[in-house]
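The values are calculated or read from the model by the stated rules, or taken from the named source; none is laboratory data. Everything numeric in this text was worked out from a predicted model, so none of it was measured. When we count neighbours, we look across all protein chains shown, and the Cβ atoms used for this are built from the backbone with ideal geometry, even at glycine.
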Amino acid sequence: MKHLVSFLVATIILAGSPQIYAPDGTYLGNLNNNPYDPNSVSNPYGPYGSPYGTHSIHNPYGLYGSPYSPESPNNPYSTGGPRIIAPNGIMDLNGGNGLKN
């Protein structure tokens, strides 16, 4: 069991974090809960996790965090919204094909 857990942890670390992209293609950070990852949406001091960052989904006054912006995951009425690119493939929040690599 210990070897299986080690293998799974190593696989996750090597695979990397999913990334989030705005509909216009702008990179919006890594989707993980690591507050020490400089590109994480969970790093409150980084450009993608700060409530003041221009490219942060946590900035309620920014293009990518406002509840009124069509580019934001926080807008419940948006028909576009961001895309999540998984390390091993593509996952689209809206059920479509997402971005092509």
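Residues are listed down the side, and each one gets a yes or a no for (1) loosely packed, with under 11 Cβ neighbours inside 10 Å; (2) part of a loop (DSSP other than H, G, I, E, B); (3) at pLDDT 90 or above:
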residue: 7; (1), (2), (3): yes, no, no
residue: 10; (1), (2), (3): yes, no, no
residue: 29; (1), (2), (3): no, no, yes
residue: 32; (1), (2), (3): no, yes, yes
residue: 37; (1), (2), (3): no, yes, yes
residue: 43; (1), (2), (3): no, yes, yes
residue: 48; (1), (2), (3): no, yes, yes
residue: 51; (1), (2), (3): no, yes, yes
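Take the conditions in a loop (DSSP other than H, G, I, E, B), among the polar types (S, T, N, Q), touching a residue at least 24 places away in the same chain (Cβ under 8 Å) and out of contact with any Asp or Glu (no Cβ under 9 Å at 6 or more places or on another chain) and apply them to residue 66. Does it pass? Answer is no for this residue. Quick test of your reading of the structure: residue 91 fulfils all but one of (1) modelled with pLDDT of 85 or more; (2) under 13 Å from residue 20 (Cα atoms). Name the failing condition by number. Checking residue 91 against (1) modelled with pLDDT of 85 or more; (2) under 13 Å from residue 20 (Cα atoms), the one that fails is (1).
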